[in-house]
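Have a look at the structure below, then the notes.
The values are calculated or read from the model by the stated rules, or taken from the named source; none is laboratory data. A quick note: this is a predicted structure, and the numbers were derived from the prediction, not measured. Note that we place each Cβ from the backbone using ideal geometry, even for glycine, and neighbour counts take in every protein chain shown. What goes into the accessible areas is simple: the full protein's heavy atoms, side chains included, and nothing from ligands, DNA or RNA. Shrake-Rupley method; radii C 1.70, N 1.55, O 1.52, S 1.80 Å.
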Amino acid sequence: MVEIMASHWIDIPTSDGGKFKGYLAIPAAGTGPGILILQEIFGVNRSIQAVADYYAEEGYVTLAPDLFWRLEPGLELGYSETEIQKATNYLQRFDVDQSIGDCGDAVKTLRALEECTGKIGALGFCLGGLLAYLVAARTGIDCVVSYYGVGIERQLGEAAHIQCPMVFQFGELDRHVPAKSREEIKAAFAGHSDVEFYLYPGAGHGFAAPERPSFDKPAALMAHTRSIALFRKVLGPHYDLSGLWDRHTELEFVIRSAEATMTTMVAAPYVNHIPTMTGGVGYEELLRFYKHHFIQKTPKDTRLIPISRTIGADRVVDEMLFCFTHDIEIDWMLPGVAPTGKYVEIPLIAVVRFRGDKLYNEHIYWDQASVLVQIGLLDPANLPIAGLETAKKLVDETLPSNALMKRWAESATPG
């Protein structure tokens, strides 16, 4: 069974004798480092709660404090024009300095939880991006990620007080944080090797929020990986992603158990074999795919010969030779093609993303034209494609290059 994390609201006592609520999410392991999740102007709404859940799935104890509690406790707004106007009205009455005190109280509460082990970071969006910056300057936080923080350029006097590593994430087309503001912020951290700046071309304000019209999925995915890289480096937890991937492939190709393979994955995983668009999205569909169309439809003599492996903060990229005899109809690679009995070797790339210590998705790439050439379904004559040669040259770079380029000889130096 896949482990599920837990979430609920808790009370956060304040230094001035009050208390307010915070949304707490606990990872499936039960413990982990802490991350303070700092809201946009829309309150701790479903979007912010989803971020807290997301990072709990990554292995962190997350707390999203309700920082509008002094104006209206429990405010949860969406992104319609009416709600944006209402949120803007609250922002005009919001006391930023007082909220940093509330953030400090939330950090104390988070640090005191028995589930929270080790260091604490902060992650904020929009207004929360500004607050994350100020939390870095005024509290003993261990690292901070700020997404499109609005108004930071007006608070650059605080930059000198920041001693912890930071990541700033900005959208190129963000009218609330224009290029001039971004350059001023960047200049304030000149010479700080532990402060990173990332700009996402074509992305606007709110690019990381799936519920917003400005959501930019490619930018959000890249930004999340960079955020996780900082949190893993400073806070942990550190997982053996290479070992987890090896175990997953053992269950697929050696043990050949779909159910066991699924235990290595998150509750809602997906697999996409890019050339043939086969795989599955979600637990039930992927289990069905593994059980009926992948594990039992992969030749018994299949071998995975590793060429290289790159391990990042949240993913493994494997370069390998995929070798097999086409003695069975391979639903996922050659759907509808009767067995030819031909032996095939192809370079294959697996980009495997993790959430915490579970696989989240796999993007698998190979040269389908090379497969078709090797089983005799595609004639390479007069086409810029190759068969077994692609696998051979991957292993031996001294084999001829440019054999498909008819004009290659023309560029040779005379004499």
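Details
- Local net charge near Phe354, Cβ-Cβ under 9 Å (Lys/Arg +1, Asp/Glu -1): +1
- Computed from the C-beta positions of Glu172 and Ser80 and an R0 of 22 Å, the FRET efficiency is 0.30 to the nearest 0.05.
- Here the extension length gained between Thr117 and Ala260 equals 48.5 nm, from 0.36 nm per residue of separation less the Cα-Cα distance.
- Percent antiparallel among DSSP beta bridges (both partners in the chain, rounded to 5): 60 percent
- Seen through its C-alpha gyration tensor, with square-root eigenvalues sorted a ≥ b ≥ c, region 155-206 comes out prolate because a/c lies at 1.5 or above while a/b is bigger than b/c.
- Our Cα-only numbers for the chain put the radius of gyration and Dmax at 25.6, 89 Å.
- Distance in nm between pseudo-label sites at Thr31 and Ala160 (7 Å out along the Cβ direction from Cα): 4.1 nm
- In this structure the chain gives 46 Å² per residue of accessible area when probed at 1.4 Å with all protein chains present.
- Contour minus Cα-Cα distance for Asp327 and Ile274 (0.36 nm per residue): 16.8 nm
- Packing-based order for 191-201, 171-181, using average beta carbon neighbours within 10 Å, highest first: 171-181, 191-201
- From helices alone, the chain scores -8500 deg cm²/dmol at 222 nm; the rule is -39500 (n - 2.57) for each run of n ≥ 4 DSSP H residues, then divide by the residue total.
- Share of carbon and sulfur in the accessible heavy-atom surface of the chain [1.4 Å probe, %]: 55 percent
- What separates the Cα centres of region 1-73 and region 86-156 is a distance of 13 Å.
- Restraint check, Lys119/Lys233; Lys291/Lys358; Lys291/Lys342; Lys19/Lys108; Lys297/Lys342, Cα-Cα greater than 21 Å: Lys291/Lys342
- Both radii are taken from the alpha-carbon atoms of region 51-163; with Rh as the Kirkwood radius, Rg/Rh is 0.96.
- Solvent-accessible surface (1.4 angstrom probe) belonging to Met222, in square angstrom, nearest 10: 90 Å²
- Positive contributions from Lys and Arg (+1) and negative ones from Asp and Glu (-1), summed over other residues with Cβ under 15 Å from the Cβ of Ala338, come out at -1.
- In terms of its C-alpha gyration tensor, region 16-71 comes out oblate, because a/c is 1.5 or above while a/b does not outweigh b/c.
- Scattering curve values for region 156-315, log₁₀ I(q)/I(0), Debye with Cα scatterers, q = 0.18 Å⁻¹: -1.18
- Across region 65-156, C-alpha contacts under 8 Å between residues 6 or more apart give a mean separation that, scaled by the residue count, equals a relative contact order of 21 percent.
- Degrees between helix 127-138 axis and first principal axis of the chain (Cα, 0 to 90, nearest 10): 70 degrees
- Mean separation of Cα contacts under 8 Å (6+ apart) over length of the chain, as relative contact order %: 10 percent
- Overall, the anisotropy analysis places region 285-388 in the oblate class: the square-rooted eigenvalues a ≥ b ≥ c of its C-alpha gyration tensor yield a/c not less than 1.5, with a/b not exceeding b/c.
- In the assembled protein chains, Lys19 presents an accessible area of approximately 130 Å² (probe radius 1.4 Å).
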